[in-house]
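Input: a single structure, listed below in structure tokens.
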Amino acid sequence: MRHIMSARTRSVFRRLVALPLLGAASLVSACGTDSTAPNIPSNPAVETYAASLGVTIANMTKRSDNLFVQDLVVGTGTEAVAGRVIRVTYSGWLTNGSRFDSNVGGAPFSFTLGSQQVIAGWDQGVLGMKVGGKRRLVIGSALGYGNQGQGPIPANSTLVFDVELLGVQ
């Protein structure tokens with residue numbers, strides 16, 4: 001399993017987490033990006049989550065050491081399977097509660113599930129959702145941005161996403 005995305009994959013995912021221009025620099029400084037910090041991957045099971053995120057790992061389904069999922073609303077439509085193009089809305093946060101991206105209220109984001117167009121945590125975490133469903137994903141750095149980080153996302157960060165599946169083609 002790939003832990004760090006290729007440049008092509010990062011480029012595609014950049015559209016998924018199209019970072020807000022205003023406040024990005026302050027978010028980086030608020031999150032801390034100490035270049036002398038040890039290169040230790042995150043562990044979602046032992047993280048502390050901001051109360052505003054509503055994350056309780058014990059109530060989530062563990063898919064791997066680096067991926068926990070929780071269905072907030074179970075959909076009833078077409079199932080998201082590998083190879084299909086899916087459309088979603090999403091919001092993404094760091095464990096401290098800082099939102100780094102969202103397309104809620106904007107255009108849906110589309111990608112081919114399982115084709116490494118997004119971080120591995122998304123390919124694995126969205127799999128099996130049904131249209132109309134809403135799911136919370138808690139993704140460890142090994143299935144996220146690894147030790148490189150991305151924009152305001154520090155290296156070795158656990159990420160929290162709320163995803164709503166709008167369509168499967």
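For the stretch 104-115, what are the residues that are touching a residue at least 40 places away in the same chain (Cβ under 8 Å) and buried (at least 17 other Cβ atoms within 10 Å of the Cβ)?
Residues satisfying the conditions are Phe109, Phe111.
Between Gly83, Gly121, which is within 13 Å of the chain's Cα centre (by Cα) and without any contact (Cβ under 8 Å) to a residue 60 or more places away in the chain?
Gly121
Please enumerate the residues belonging to the stretch 116-140 that are surrounded by fewer than 18 Cβ atoms within 10 Å (Cβ to Cβ) and assigned to a loop (DSSP other than H, G, I, E, B).
Across the stretch 116-140, the qualifying residues are Gln116, Leu127, Gly128, Val131, Gly132.
State which residue is nearest to Gln169 (Cα to Cα) when the search covers only the stretch 105-115 and only residues that are within 15 Å of the chain's Cα centre (by Cα) and in a loop (DSSP other than H, G, I, E, B).
Leu113
If Gly146 satisfies every condition in (1) of a type outside the set (S, T, N, Q); (2) outside any loop (DSSP other than H, G, I, E, B); (3) crowded, with 20+ Cβ neighbours inside 10 Å; (4) under 15 Å from the mean Cα position of the chain (by Cα) but one, which is the exception?
(2)
Return the only residue of Val73, Val17, Val28 being under 17 Å from Leu137 (Cβ atoms) and modelled with pLDDT under 95. Write out each step before concluding.
Numbers: Val73 fails: modelled with pLDDT under 95; Val28 fails: under 17 Å from Leu137 (Cβ atoms).
On inspection, the qualifying residue turns out to be Val17.
How many residues does the stretch 37-49 contain that are more than 16 Å from the chain's Cα centre (by Cα) and modelled with pLDDT of 95 or more?
Qualifying residue count, the stretch 37-49: 2.
The values are calculated or read from the model by the stated rules, or taken from the named source; none is laboratory data. Predicted model, so just to flag it, every value in this text is computed and none were measured. Reconstructed Cβ throughout: ideal geometry from the backbone, glycine too, with neighbour counts over all protein chains shown.
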